[in-house]
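Chemist: Got a structure here, written out as structure tokens. Questions coming.
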Amino acid sequence: MTTLEIVGGRVLRPDMTVERADVLADQETGDILAVGDVPGGDETLDATGGLVIPGLVNAHTHVAMALLRGYADDKPLHDWLREDIWPIEGVLEPDDVRAGAELGLVEMIRSGTTGFCDMYFDVGEIVDAVDRAGLRARVGYGSVTVGKDEEAAREELETGLRVAQEYDGAADGRVSTAFMPHSLTTVDGEELDEFVPQAREAGVPIHTHANETTGEVEPIVDEHDERPLAYAVGHGLLEDRDFIAHGTHCDESEIELLAERGAGVVHCPASNMKLASGIAPVQAMCDAGVAVGIGTDGAASNNDLSMFDELRDAAMVGKLAAGDASAVDAPTAFGMATAGSAAVAGFDAGRIAEGKNADLAVVDLDRAHLTPHHDLVSHLVYAVTAADVRHTVCDGRVLMRDREVLTLDADAVRETAERRARAAVDRAES
Ligand SMILES: N[C@@H](CCSC[C@H]1O[C@@H](n2cnc3c(=O)[nH]cnc32)[C@H](O)[C@@H]1O)C(=O)O
Ligand SMILES: [Zn+2]
């Protein structure tokens, strides 16, 4: 057994209290062995002046879209996808997806994110990048069938199933998968009826975008005379390991349905604000007992992958939505982005406790904007930024030490991404 010891810092415990403690991780199993007074480890990380926190879990993103950051802004979802994003995604090559994924992974490691859920294409490239970068991920192929002929539509869904089976357990078990029909309006009900049972048989959960905009809710209500999430249940979705992205426009009956069935929701506040999609009723979901996590969505609708920005957005917009300054308080927000997101993703992470995955980050507290230390959970949600993250660890392995990313060559990743992004834009616009 080789061990990693994180020494000299304070530790955020699962009950959101902070104590002076060291953490010992087993680097073979990737689990936390002990928190408190621990024996010396084979490898040491210095956390003096820092706070050891569970690594953040970005429960819904499209990591390779880092390549499209700033490519198309200031439009609503429908136009943004159809006029800009889908056309340029149509010219992306597997090496572009790899370059975008690596760029996004560097940004995640730098901002203390240790796990994420991803929906995209060329998933093999993403899995390879995750394997080398050292993070934990649940990945899938986003199947879109709208506007496609029958054969192409079937191919999309078959690819989704094949990808979910092929990569489950990859990267020494750090990669898991899901079947990912893109949304309730871009895949139709009969297609779900045929493919959802096959995903169940394969034993993978199902992840889809749902109720993101009113433009996605209205057609389903008009055509089927039921709310989208009731429609989803009618087509075999929303079992307890399943999770939806957004849930921006959920009424009371849908919140109840999610709670009853145990399906998760990933709140993406920045994307919802930027595309003016709406404001998710997050406090009401939490009150009803819905499993809620937080995600950034892709960097083209955010425009960054820092979960610290997302935490602040989630707390702020949650208060506005509820008309109540006590809604989505700091411990609730931080819990959603760690244990909440981990539960939605199906990761045994999100808490610093014995037996949990050793997925964590160390935040430097000795900074003017984090002074004084009245309440460190408040700082994590309202004041910490990505640049305050000093070390990042996943599965007991150090991915970033003293702000240096160890698993990817951050400069080379940035140069390749810049070059490939330019070439992709030239192809898309020629
Ligand atoms: N199989 C499809 C790709 C689907 S991947 C998932 C898709 O979701 C898109 N996407 C990104 N953000 C959002 C969002 O907020 N709502 C819906 N779709 C999004 C993303 O651009 C990508 O096209 C194909 O080959 O074209
Ligand atoms: Zn999305």
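Chemist: If you rank 419, 227, 367 by fewest surrounding Cβ atoms within 10 Å, what's the result? Write out the running numbers ahead of the final one.
Modeler: Details: 419 11, 227 19, 367 15.
Starting with the residue having the fewest Cβ neighbours, the order is 419, 367, 227.
Chemist: Of 18, 49, 380, which is farthest towards the positive pole of the chain's charge dipole, taken about the Cα centre with +1 and -1 on the beta-carbons of Lys, Arg and Asp, Glu respectively?
Modeler: Result: 49.
Chemist: Of the listed peptides 52-59, 119-126, what is their order by residue-averaged count of other C-beta atoms within 10 Å, with the highest listed first?
Modeler: Order by mean packing, descending: 52-59, 119-126.
Chemist: Also, quick follow-up: Rounding to the nearest 20 debye, state how big the charge dipole of the range 325-430 is about its Cα centre with +1 on each Lys and Arg Cβ and -1 on each Asp and Glu Cβ. Walk me through the intermediate numbers first.
Modeler: Working: 12 positive and 17 negative charges, 38 e Å.
For this selection, approximately 180 debye.
Chemist: Would you work out the charge dipole size for the range 63-345 about its Cα centre, treating the Cβ of every Lys and Arg as +1 and the Cβ of every Asp and Glu as -1, and quote it to the nearest 20 debye?
Modeler: Details: 19 positive and 54 negative charges, 259 e Å.
With only Lys, Arg, Asp and Glu charged at Cβ, the dipole is about 1240 debye.
Chemist: Same structure, new question: Work from the charge dipole of the chain (Cβ charges, +1 for Lys and Arg, -1 for Asp and Glu, about the Cα centre) and give the residue of 264, 338, 67 farthest towards its positive end.
Modeler: In the chain, that residue is 338.
Chemist: Right, next: What is the angle, in °, between the Cα long axis of helix 189-202 and the longest principal axis of the Cα atoms in the chain? Nearest 10 is fine, range 0 to 90.
Modeler: Between helix and principal axis, roughly 40 degrees.
Chemist: So, one more: Compute the distance from the alpha-carbon center of the range 317-360 to that of the range 182-259, in whole Å.
Modeler: 24
Chemist: Given R₀ = 25 Å, FRET efficiency for residue 86-residue 418 by Cβ-Cβ distance, to 0.05?
Modeler: On the way: r = 23 Å, r/R0 = 0.91.
According to the calculation, E is roughly 0.65.
Chemist: Are there GluC sites (Glu not before Pro) in the range 8-46 that DSSP puts in a loop and that have at most 16 other Cβ atoms within 10 Å, and which ones? Don't skip to the end; give the middle numbers.
Modeler: On the way: sites: 19, 28, 43; in loops: 28.
Within the range 8-46, the qualifying GluC sites (Glu not before Pro) (loop, at most 16 other Cβ atoms within 10 Å) are 28.
Chemist: Using the Cα centre of the range 63-345 as origin and beta-carbon charges of +1 (Lys, Arg) and -1 (Asp, Glu), tell me which of 224, 99, 275 is placed farthest towards the positive end of the dipole.
Modeler: The residue sitting most towards the positive pole is 99.
Chemist: Among 258-271, 78-91, 166-179, 280-293, how do they line up from the highest to the lowest mean number of other beta-carbon atoms within 10 Å? Write down the numbers at each step before the final one.
Modeler: Values: 258-271: 24.9, 78-91: 15.3, 166-179: 19.6, 280-293: 21.5.
Top to bottom by mean Cβ count within 10 Å: 258-271, 280-293, 166-179, 78-91.
Chemist: Right, another one. Determine by what factor the alpha-carbon radius of gyration of the range 198-294 differs from 2.2 N^0.38 Å, reporting the quotient. All intermediate terms of the calculation are to be shown ahead of the outcome.
Modeler: Working: Rg = 12.8 Å, N = 97, 2.2 N^0.38 = 12.5 Å.
Scaled against compact globular proteins, the figure is 1.02.
Chemist: Another question, then. Would you calculate, for the chain, the mean residue ellipticity at 222 nm contributed by helices, counting each DSSP H stretch of 4 or more residues as -39,500 (n - 2.57) and dividing by all residues, to the nearest 500?
Modeler: Values: 15 runs with 159 residues, N = 430.
Taking each H run of at least 4 residues, the total per residue is -11000 deg cm²/dmol.
Chemist: Could you order peptides 134-144, 237-247 by the average number of other Cβ atoms within 10 Å of their residues, highest first? Present the calculation step by step, with values, prior to reporting the outcome.
Modeler: On the way: 134-144: 26.6, 237-247: 23.5.
Descending mean neighbour count gives 134-144, 237-247.
Chemist: Right, something else. Provide 253, 301 in ascending order of the number of other Cβ atoms located within 10 Å of each residue's Cβ, fewest first. Spell out each step's value before the answer.
Modeler: Working: 253 11, 301 26.
With the fewest neighbours first, 253, 301 line up as 253, 301.
Chemist: Angle between the Cα long axis of helix 252-261 and the longest principal axis of the chain, 0 to 90 degrees, nearest 10?
Modeler: Once rounded, one gets 70 degrees.
None of the figures in this text is laboratory data; all of them are computed from the coordinates on show. The shown structure was predicted, so the numbers you read here are calculated from the model rather than taken from an experiment. No Cβ is skipped: glycine too gets one built from the backbone with ideal geometry, and neighbour counts run over all protein chains shown.
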